[in-house]
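The values are calculated or read from the model by the stated rules, or taken from the named source; none is laboratory data. As the structure is a computational prediction, the values presented were derived from the model and not from experiment. Cβ sites come from the backbone with ideal geometry, for glycine too, and all protein chains shown count toward neighbours. Ligands, DNA and RNA are stripped out before the accessible areas are found, and what is left, the full protein with its side chains, is counted by its heavy atoms. Shrake-Rupley method; radii C 1.70, N 1.55, O 1.52, S 1.80 Å.
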Amino acid sequence: MPTDAPPSTAGAADPSDADVRSRLADAFGERVAFDGPALDAVREDRSGWRSDAPPTALVHAASVDDVQELMRIASATGTPVVPRGAGTGLAGGGISSRGSVVLDLSRMDRILEIDDVDELAVVEPGVLNGDLDRAARERGLWYAPDPASRAISSIGGNIATNAGGLLCAKYGVTRESVLGLAVVLADGSLLRTGHRTVKGVTGYDLTALMTGSEGTLGVIVEATLRLRPVVHGPIETVAAAFPDVESAGVAVGGVAAARVRPAILELIDPVGLARVAE
């Protein structure tokens with residue numbers, strides 16, 4: 001997390017940033033910002049945390065080449081880079097720190113491919129989870145990972161945090177739906193991991209390693225994702241009340257022991273239920 005700093009220095013420009021700013025301006029032109037509301041916005045996310053100072057710069061990447069160029073500049077100048085997607089995170093991982101460059105990937109938002117036969121999609125990191133699911137459903141497929149923020153959160157951020165969701169009871173978290181990745185490393189080189197096939201067992205599982213790494217190992221610039229056929233037929237919902245949480249826990253174990261696999265299994269305690277009723 002960003003650390004607190006004396007109020008007198010918060011937001012002050014560091015003369016040592018001059019070289020970084022000059023290189024970024026030459027490389028990105030209008031796609032880089034050094035001041036203004038955009039820099040203030042990336043000091044926080046949905047977690048409630050706010051950094052003590054804006055970043056040195058905010059770069060809006062529009063391509064893999066942009067990401068590679070930024071990482072080369074950052075590597076040459078020893079500048080920290082904070083990858084950021086839709087800014088919906090709840091852990092503060094996508095907010096700026098003093099002297100950093102925030103890399104905004106939200107403009108890389110293309111669905112590059114949906115393959116009906118192999119049941120997969122290839123997307124850029126800025127694609128919203130809900131948008132991918134809607135596009136897949138037009139082809140009789142759907143995308144299973146369903147974080148609560150799926151309507152506004154981006155695929156790149158979902159993968160970087162290994163986001164979960166209610167449907168993980170049946171379909172697993174994001175990692176189970178990631179077949180392959182394209183990742184830009186710290187020196188600007190491009191690494192491709194994983195596979196496009198049902199079976200892919202050779203070598204180290206670098207795709208799983210990158211998933212959930214929160215930008216510490218590289219910047220995700222493309223993802224190959226598993227899609228599933230749309231399930232037809234009625235959807236049944238079962239609700240039950242128990243005198244205490246312990247009894248409810250025993251019931252959950254009973255469901256699992258019966259080899260029944262619900263898509264969603266949620267336990268609501270009395271406090272949560274009362275708030276819902278309100």
Tabulated pairs, segment 192-204, first in the same structural domain as V219 (by the TED database) and of a type outside the set (A, V, I, L, M, F, W, C), second open to solvent by 100 Å² or more (accessible area, probe 1.4 Å) and modelled with pLDDT under 85, C-beta under 6 angstrom, 6+ apart or interchain: none
List, please: which pairs have Cβ atoms under 6 Å, are six or more places apart or on different chains, and start with a residue in segment 135-157 that is touching a residue at least 60 places away in the same chain (Cβ under 8 Å) and end with one that is open to solvent by less than 40 Å² (accessible area, probe 1.4 Å) and among the charged types (D, E, K, R)? W142/D133; Y143/D133
Every residue in segment 48-81 that is among the β-branched types (V, I, T) and surrounded by 18 or more Cβ atoms within 10 Å (Cβ to Cβ), please. T56, V59, V67, I73, T79, V81
Can you tell me which residues in segment 261-274 are under 24 Å from G164 (Cβ atoms), surrounded by 10 or more Cβ atoms within 10 Å (Cβ to Cβ) and of a type outside the set (D, E)? R261, P262, A263, I264, L265, L267, I268, G272, L273
Take G126 and tell me if it is surrounded by fewer than 23 Cβ atoms within 10 Å (Cβ to Cβ), within 17 Å of the chain's Cα centre (by Cα) and closer than 19 Å to A163 by Cα. yes
For segment 153-242, which fully contained helices (runs of 4 or more DSSP H) count at least 2 residues that are open to solvent by 80 Å² or more (accessible area, probe 1.4 Å) and charged (D, E, K, R)? none
